[in-house]
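Worksheet: one structure, shown below.
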Amino acid sequence: MESLRFLDPETAESIRTDFGSPAFVYHEAYLLAQAKAALSFPNAFGLTVRYAMKACPNAAILRLFDQAGLSIDASSGHEVARAMRAGVGTEKISLSTQELPEDFASLVEDGVKINLCSLSQLERYAERFPNTSVGLRFNPGLGSGGTAKTNVGGPSSSFGIWKDDLDRARSLAAGANLSIERIHTHIGSGSDPEVWKRVALLSLDLAEAFPQVNTVNLGGGFKVARIAGETGTDLQLVGEPVKRAFEDFAERNSRSLQLEIEPGTFLVANAGALVATIQDITSTGPEGNTFLKLDSGMTEILRPSLYGAQHPIVTLPKEVSGNETFPYVVVGHCCESGDLLTPAENQPDVLAPRELALSQVGDLCVIEGVGAYCSAMSAKNYNSFPESPEVLLRTDGSTSLIRKRQTLDQIMENEILP
Ligand SMILES: *Cc1c(COP(=O)(O)O)cnc(C)c1O
């Protein structure tokens, strides 16, 4: 059985009392510690750490990281606007997007940096801003991710300019007198540290092909250990050989490149927990399963249903009956058999009972490792369940509500009866 990472039963209970159930809780001290660890990534000639805000875009978290010295990686024009509204300066925002916004020109004029992610994006940019400088995102031909859905490099991935289109990119840039000053690669979430290092070297080869490059952005993808048995990436270990490669590059090319990294998961995944309530327990008999039904599920945490991702789950029985445990299948509240919180690893459709403390209806259930891609990437409002509140557990032990629970009026506010 897992034990709680940063909550304790009393704090979890008081969060339920004060903010209702379910509620996301983020641990400020851990967020700051991860920011500090990322900022000490080995580098030869300077480092910028960008928070990949799609992992958890709450304004309070953006502001916390901004004050801790992080910059921002935005994945859409809307994210750029959201970061600006949270108070992040445009000069600290970089946009690498699958959909170049219609108003990209005004973002560039405001000082946002753009990494163009396809040849057609490069054409549109070159037409609007000839004789300027810009960044290019490449697909280096190699990818790595925890699952096929989170692997975003290699021939089956649409992200970035394909490596063999290098000459085409070069001539498009030259045609508009564009200076390519940044090379960007990002190969996937939860990537293998060895593959990550190899891609870092491939990115330096790309920097060699563009003599005006002054910055190489190696993306994010650093794996964290959410659940017992998983291993996280040691940033010092993956960073050291990359630092040496930057030094070698400087010797060969007389160019000192700045390094950028863009972690999302690494900064927030283990800083988040969901406080939920067991609202029913059902069984399909001795040959079947016993299901703990939460007042939550894919409406807050989609990763298990989508990827077969594993999250620690801890039940907190009010009446502790010794150390008794039971193999429960934990399910969500949606009318959807895929709303499953305990799938087999990487097999979202397969039930995998978990040994949890023997529980009753009304007991608390805490799901951990939910800081990244949960609140931000849920099946929001499915079955008309309202979006859950978000709470920041401060370094001094106090709590701040950083997002209210949604109301039915808000769910329906854009509907119009004809
Ligand atoms: C999603 C994303 C990241 C962050 O990935 P993590 O696996 O959360 O670290 C970084 N850069 C880009 C371009 C991304 O799309």
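Data table
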item: Qualifying residue in segment 136-156 (condition: modelled with pLDDT of 95 or more and among the charged types (D, E, K, R)); result: yes
item: Single match in Glu319, Glu300 (criterion: out of contact with any Ser or Thr (no Cβ under 9 Å at 6 or more places or on another chain), in a loop (DSSP other than H, G, I, E, B) and within 20 Å of Ile15 (Cα to Cα)); result: Glu319
item: Condition met for Asn43 (surrounded by fewer than 22 Cβ atoms within 10 Å (Cβ to Cβ) and touching a residue at least 60 places away in the same chain (Cβ under 8 Å)); result: yes
item: Within segment 1-99, helices (runs of 4 or more DSSP H) holding 3 or more residues that are at positive phi; result: none
item: Residue in segment 326-344 that is out of contact with any helix residue (DSSP H, G or I) (no Cβ under 7 Å at 6 or more places or on another chain), at pLDDT below 95, assigned by TED's automatic domain parsing to the domain that holds Ala273 and not β-branched (Val, Ile, Thr) present; result: yes
item: Ala23 within 15 Å of the ligand (Cβ to nearest atom) and modelled with pLDDT of 95 or more; result: no
item: Checking Leu39 against (1) in the same structural domain as Met298 (by TED's automatic domain parsing); (2) within 24 Å of the chain's Cα centre (by Cα), the condition it does not meet; result: (1)
item: Enumeration of residues in segment 302-340 that are touching a Cys at 6+ places or on another chain (Cβ under 9 Å) and under 23 Å from Leu358 (Cα atoms); result: His311, Ile313, Val314, Thr315, Leu316, Val330
item: Yes/no for Gly146 being out of contact with any Gly (no Cβ under 9 Å at 6 or more places or on another chain), within 12 Å of the ligand (Cβ to nearest atom) and either touching a residue at least 12 places away in the same chain (Cβ under 8 Å) or assigned to a loop (DSSP other than H, G, I, E, B) (or both); result: no
item: Residue within segment 297-308 that is assigned by TED's automatic domain parsing to the domain that holds Met377, within 16 Å of the ligand (Cβ to nearest atom) and under 30 Å from Ser40 (Cα atoms) present; result: yes
item: Identity of the residue in segment 72-99, in contact (Cβ under 8 Å) with a residue 60 or more places away in the chain and of a type in the set (Gly, Ala, Ser), that ends up surrounded by the fewest Cβ atoms within 10 Å (Cβ to Cβ); result: Ser94
item: Qualifying residue in segment 194-203 (condition: more than 23 Å from the chain's Cα centre (by Cα), at pLDDT below 95 and surrounded by 15 or more Cβ atoms within 10 Å (Cβ to Cβ)); result: yes
item: Index of the failed condition, Gly232 passing every other in (1) loosely packed, with under 14 Cβ neighbours inside 10 Å; (2) closer than 30 Å to Pro304 by Cα; result: (1)
item: Failed condition for Gly135, given (1) surrounded by 15 or more Cβ atoms within 10 Å (Cβ to Cβ); (2) assigned to a loop (DSSP other than H, G, I, E, B); result: (2)
item: Residue selected from segment 343-397 under the condition hydroxyl-bearing (Ser, Thr, Tyr) and outside any loop (DSSP other than H, G, I, E, B), by the criterion farthest from the ligand (Cβ to nearest atom); result: Ser384
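The rows are residues; the columns are (1) more than 30 Å from Ile367 (Cα to Cα); (2) within 16 Å of the ligand (Cβ to nearest atom).
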residue: Arg244; (1), (2): yes, no
residue: Arg255; (1), (2): yes, no
residue: Gln258; (1), (2): yes, no
residue: Phe266; (1), (2): no, yes
residue: Asn270; (1), (2): no, yes
residue: Thr277; (1), (2): no, no
residue: Thr284; (1), (2): no, no
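Let's see how each residue does on (1) more than 15 Å from Val112 (Cβ to Cβ); (2) among the aliphatic types (A, V, I, L, M):
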position	(1), (2)
Lys36	yes, no
Leu39	yes, yes
Ser71	no, no
Val88	no, yes
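The values are calculated or read from the model by the stated rules, or taken from the named source; none is laboratory data. No experiment lies behind these values; they were computed from the predicted model shown. Cβ coordinates were reconstructed from backbone atoms using ideal geometry, including for glycine residues, and neighbour counts include every protein chain displayed.
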